[in-house]
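All remarks here apply to the structure that follows.
The values are calculated or read from the model by the stated rules, or taken from the named source; none is laboratory data. Since we're looking at a predicted model, the values are computed, not measured. No Cβ is skipped: glycine too gets one built from the backbone with ideal geometry, and neighbour counts run over all protein chains shown.
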Amino acid sequence: MPAKQITDKTMQNIITYLILAGGRGQRMNGVDKGLMQWQGKPMIEHVIRFLNIPADKIIISANRNLQTYINYSNIVITDLANDFQGPLAGILSAMQVCTTPYLLCVPCDSPLPPENMLKNLWQCMQMQKKSSALCHDGERLQPLFALLSCQHKQALDDFLQQGQRKVHDFMAQIDPAICDFSAQKNRFYNINYPADINP
């Protein structure tokens, strides 16, 4: 059976985009990576441009420079805990305020997200009859490029309350569809170290 197609209008009603920008930037000497300049613009601007989404459909997860991030989104959230628990904490905070059934998650340090990511993840999720979907670049899973159902909010809260933090472990727990993005492997390039700015 063919996957149920998702129209642009439907996407506006059921999808919210989450940009994860709440890390410490430890490998970047403490720099806030979302605001770091890459090819003349802050990395978060590249992400938003490639996703081609309006500000009212974006949640930004950030723990610093909130007044700057508010220029890019109507909703800027911080982690519920203040000890930098990792990207899952940002995802949980977003699920707490999200008003749509799904979140499309992307990290701020990959300024060239895959093309047609949402539609491909949606179709993959439908075909595999799952509630969420993750990208796979042909070599490894990319769990922060994900279409997540907010129905997993309680499970994620429980996971973090148990002191667990590993993204791969939680994603395995919710049993998502795994979607082949090997044709766009270069789109998962992320900037983690100062030397990565000019690869």
**Request:** Could you check, for the stretch 133-152, whether at least one of its residues is surrounded by 14 or more Cβ atoms within 10 Å (Cβ to Cβ), part of a helix (DSSP H, G or I) and not β-branched (Val, Ile, Thr)?
**Result:** yes
**Prompt:** Any residue at all in the stretch 175-185 that is crowded, with 18+ Cβ neighbours inside 10 Å, in a loop (DSSP other than H, G, I, E, B) and without any contact (Cβ under 8 Å) to a residue 60 or more places away in the chain?
**Reply:** yes
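Listed here are the residues, each with its yes/no results for (1) in contact with a Pro (Cβ under 6 Å, 6 or more places away or on another chain); (2) under 22 Å from Leu35 (Cα atoms).
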| residue | (1), (2) |
| --- | --- |
| Pro101 | no, no |
| Cys108 | no, yes |
| Pro114 | no, yes |
| Met127 | no, no |
| Asp137 | no, no |
| Ala155 | no, no |
| Arg165 | no, no |
| Ser182 | no, no |
| Arg187 | yes, yes |
**Message:** If Leu112 meets every condition in (1) among the hydrophobic types (A, V, I, L, M, F, W, C); (2) closer than 22 Å to Phe188 by Cβ; (3) not in a loop (DSSP other than H, G, I, E, B) apart from one, which number is that one?
**Reply:** (3)
**Request:** Test each condition in (1) in contact (Cβ under 8 Å) with a residue 40 or more places away in the chain; (2) under 15 Å from the mean Cα position of the chain (by Cα) for Glu139 and report the one that comes out false.
**Result:** (2)
**Item:** Every residue from the stretch 153-163 that is in contact with a Phe, Trp or Tyr (Cβ under 9 Å, 6 or more places away or on another chain) and either touching a residue at least 60 places away in the same chain (Cβ under 8 Å) or surrounded by 15 or more Cβ atoms within 10 Å (Cβ to Cβ) (or both)
**Value:** Leu156, Phe159, Leu160
**Request:** Would you check which residues across the stretch 118-127 are touching a helix residue (DSSP H, G or I) at 6+ places or on another chain (Cβ under 9 Å) and buried (at least 22 other Cβ atoms within 10 Å of the Cβ) and list them?
**Result:** Trp122
**Asked** For residues in the stretch 69-92 being surrounded by fewer than 20 Cβ atoms within 10 Å (Cβ to Cβ) and aliphatic (A, V, I, L, M), which is nearest to Cys105 (Cα to Cα)?
**Response** Ile75
**Prompt:** Within the stretch 56-68, is there a residue that is within 19 Å of Thr10 (Cα to Cα), loosely packed, with under 14 Cβ neighbours inside 10 Å, modelled with pLDDT under 95 and not hydroxyl-bearing (Ser, Thr, Tyr)?
**Reply:** yes
**Request:** Please work out which residue is surrounded by the fewest Cβ atoms within 10 Å (Cβ to Cβ), limiting yourself to the stretch 98-109 and to residues that are touching a strand residue (DSSP E or B) at 6+ places or on another chain (Cβ under 6 Å) and not in a strand (DSSP E or B).
**Result:** Thr100
**Request:** Would you check if Leu121 is in contact (Cβ under 8 Å) with a residue 40 or more places away in the chain, in a helix (DSSP H, G or I) and not acidic (Asp, Glu)?
**Result:** yes
**Prompt:** Which one of these does Ala155 not meet: (1) under 19 Å from Gly22 (Cα atoms); (2) more than 12 Å from the chain's Cα centre (by Cα)?
**Reply:** (1)
**Request:** Return yes or no: is Gly163 part of a loop (DSSP other than H, G, I, E, B), farther than 17 Å from Leu92 by Cα and not aliphatic (A, V, I, L, M)?
**Result:** no
